[in-house]
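In what follows, a structure is listed as structure tokens, so that the remarks can point back to it.
The values are calculated or read from the model by the stated rules, or taken from the named source; none is laboratory data. A quick note: this is a predicted structure, and the numbers were derived from the prediction, not measured. So basically every Cβ, Gly included, is an ideal-geometry build from the backbone, and we count neighbours across all protein chains shown. Accessible surface areas use protein heavy atoms only, side chains included; no ligands, DNA or RNA. Shrake-Rupley method; radii C 1.70, N 1.55, O 1.52, S 1.80 Å.
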Amino acid sequence: MTAVKISVPGTTANIGPGFDCLGAALTLHNHFVFSPLEGTDSTLEIRVTGLEADRVTADESNLAYQAFAKFYQHLGKTRPPVAIEIELGVPLARGLGSSATAIVGGLMGANQLAEKPLTQAELMQLAIEIEGHPDNVVPALLGGCRLAASEGSHWQICEIPWHSDIVPVVAIPDFELSTAEARKVLPTEYSRADAIFNPAHLGLLLRGLETGNSDWLRVGTLDRIHQPYRQTLIPGYDAVRQAALAAGAYGMTISGAGPTLLALSSPIQTAEVTSAMRTAWQGEGITSTVRSLQIDRSGATVG
Ligand SMILES: Nc1ncnc2c1ncn2[C@@H]1O[C@H](COP(=O)(O)OP(=O)(O)OP(=O)(O)O)[C@@H](O)[C@H]1O
Ligand SMILES: N[C@@H](CCO)C(=O)O
């Protein structure tokens, strides 16, 4: 078997009220190459290059390898010696689904090397089990904007139309926030008012994403499940949000678990929104990279 190459897009999860169920794939990618290791005693070699490469472990604790190992454990087979090359284009622990890329990359690499015993749906199920929630791994695997809802252990996945007039602008600060930390600050119980607020706003958001209706997007990005609790972990959140809205963004949310902030903008306002978010963060003493992206339609690809 020769080497297999897998490309996996980063993602923006939640998009406001869609906590743990809605996410979209973005046009920034991590690349993985899996090669059988032959003619050596070693069972694992990992090389990481690209963005903040020194922050990713190159041993058995590596998340892409953990997913690779989980695949063989699921099949009840011994995992083969493997060399993994990882080229990072998705910033780590910033709310852009870097962990989902590693999980999807590791599972797909293993499936290819094993000559595809699992279907895409089975890989998706395993990926959701490893990540613990579907909103990053599903769009990372399938591409597009996806809503995931479970019935017992079975998942219904629905593609959400994303209007061409909506540009995702991501403002990525130069500090990390791990998903585990950002989940710790969430309450375990919510009021009835909050339980009503979120599904109403999610419905509005989905119609806003489909139609490009600016009022539905503005109101539909509001949320009471995670953002009110997490925004305190993101210095400059209020300033960047006000700047993005003043520059004409339809709405602004925390991307995934943060700290990246996601503005939804019309194409004509994108340059202004981008510059306003960068300047607002600069005013708080925080350096950021602000990029306007597109929705990745392909998901994880082989070759
Ligand atoms: N390409 C990769 N290969 C191996 N491990 C990775 C890779 N990318 C990310 N990781 C691991 O995932 C961790 C980040 O996961 P975390 O869930 O905290 O953030 P995220 O996935 O970037 O954000 P979010 O889930 O909010 O979108 C990294 O610290 C690293 O351990
Ligand atoms: N839905 C997840 C996405 C980040 O992995 C969260 O907000 O915690």
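Listed values, structure above:
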| item | result |
| --- | --- |
| All positions within the range 8-54 that are touching a Phe, Trp or Tyr at 6+ places or on another chain (Cβ under 8 Å) and away from ligand 2 (no atom under 16 Å from the Cβ) | Phe34, Leu44, Ile46 |
| Hey, Leu92 more than 8 Å from ligand 1 (Cβ to nearest atom) and either in a loop (DSSP other than H, G, I, E, B) or open to solvent by less than 40 Å² (accessible area, probe 1.4 Å) (or both) or not | no |
| Whichever residue in the range 145-176 is buried (at least 19 other Cβ atoms within 10 Å of the Cβ) and within 18 Å of Val90 (Cβ to Cβ) and, among such residues, is farthest from ligand 2 (Cβ to nearest atom) | Val169 |
| Residue match in the range 152-163 (condition: within 16 Å of ligand 1 (Cβ to nearest atom) and either modelled with pLDDT of 95 or more or among the β-branched types (Val, Ile, Thr) (or both)) | no |
| Condition check for Leu123: assigned to a helix (DSSP H, G or I) and either open to solvent by less than 20 Å² (accessible area, probe 1.4 Å) or at pLDDT 95 or above (or both) | yes |
| Criterion (of a type in the set (Phe, Trp, Tyr) and either near ligand 1 (Cβ under 9 Å from one of its atoms) or part of a loop (DSSP other than H, G, I, E, B) (or both)) met by exactly one of Tyr65, Tyr72 | Tyr65 |
| Qualifying positions in the range 98-120 - under 24 Å from Ala171 (Cβ atoms) and open to solvent by 10 Å² or more (accessible area, probe 1.4 Å) | Ser98, Ser99, Ala102 |
| Members of the range 57-85 found to be under 30 Å from Ile15 (Cβ atoms), among the aliphatic types (A, V, I, L, M) and open to solvent by less than 10 Å² (accessible area, probe 1.4 Å), listed by number | Ala64, Ala67 |
| Residues of the range 230-269 that turn out to be in contact with a helix residue (DSSP H, G or I) (Cβ under 7 Å, 6 or more places away or on another chain), away from ligand 2 (no atom under 16 Å from the Cβ) and free of Cβ contacts under 8 Å to residues at least 40 places away in the same chain, as a count | 4 |
| Looking only at the range 15-69, and only at residues there that are among the aromatic types (Phe, Trp, Tyr) and free of Cβ contacts under 8 Å to residues at least 60 places away in the same chain, the one that is farthest from Ile128 (Cα to Cα) | Tyr65 |
| Selected residue (criterion: farthest from Ile254 (Cα to Cα)) from residues of the range 95-120 that are among the hydrophobic types (A, V, I, L, M, F, W, C) and assigned to a loop (DSSP other than H, G, I, E, B) | Ala114 |
| Total residues in the range 34-50, condition within 11 Å of ligand 1 (Cβ to nearest atom) and either touching a Ser or Thr at 6+ places or on another chain (Cβ under 9 Å) or under 27 Å from Gln125 (Cα atoms) (or both) | 2 |
